[in-house]
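What follows is one structure encoded as structure tokens, with my remarks underneath.
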Amino acid sequence: MKITPGKLAKDYRRAYHLRDFVKAEINLGENLVYNIKIQEGNKEPEEEELAEVIYSLYGEEMFTVDFDTKEITLLGGLSW
């Protein structure tokens, strides 16, 4: 399954019952670990490890990220 940062932001907003618009931005941090900045409304963005967010939303541990598009591909057996 492929996920864009926009879809991930929508799913995050829905999962955590957030009222404001949520924006997600994926960055490659130190040690080649992907991080995600999640901003709710006008609040200061919070940075988390992308793997933790993906696991909490989709229950999946294995994924890849396209360096150009930042599109996430889940590699597990989830079917939607």
Rounded accessible area per residue of the chain, 1.4 Å, Å² = 70
Fluctuation leader among Ala51, Ala15, Ala24 - the chain, Gaussian network, Cα springs under 10 angstrom = Ala15
Find which of Gly29, Leu75, Gly41 sits farthest along the positive direction of the dipole of the chain, computed with +1 on the beta-carbon of Lys and Arg, -1 on that of Asp and Glu, about the Cα centre.
-> Gly41
Long-range amide H partners of Phe63, meaning residues 5 or more apart or on another chain whose placed amide H is closer than 5 Å, are Leu75
Estimate the FRET efficiency between Phe67 and Lys10 by the formula 1/(1 + (r/R0)^6), using the beta-carbon distance for r and 30 Å for R0, to the nearest 0.05.
-> 0.85
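Can you pull the percent of the chain's accessible area that's carbon plus sulfur, 1.4 Å probe, other chains left in place?
48
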P(r), alpha carbons of the chain - 10 Å bins starting at zero, rounded % = 18, 56, 24, 2
So what's Rg/Rh here for the range 1-41, counting alpha carbon atoms and using the Kirkwood radius for Rh?
-> 1.03
Sticking with the crude label model, points 7 Å out along Cα→Cβ, report the distance from Met1 to Leu28 in nm, one decimal please.
-> 2.6
Ellipticity estimate at 222 nm from DSSP helix runs (n ≥ 4, -39,500 (n - 2.57)) divided over the chain, nearest 500 = -7500 deg cm²/dmol
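The values are calculated or read from the model by the stated rules, or taken from the named source; none is laboratory data. Just so it is clear, the structure is predicted and the values come from calculations on it, not from any experiment. All Cβ positions, even for glycine, are placed from backbone atoms using ideal geometry, and neighbour counts span all protein chains on display. When the accessible area is computed, the model is the full protein with side chains, heavy atoms only, and any ligands, DNA or RNA have been set aside. Shrake-Rupley method; radii C 1.70, N 1.55, O 1.52, S 1.80 Å.
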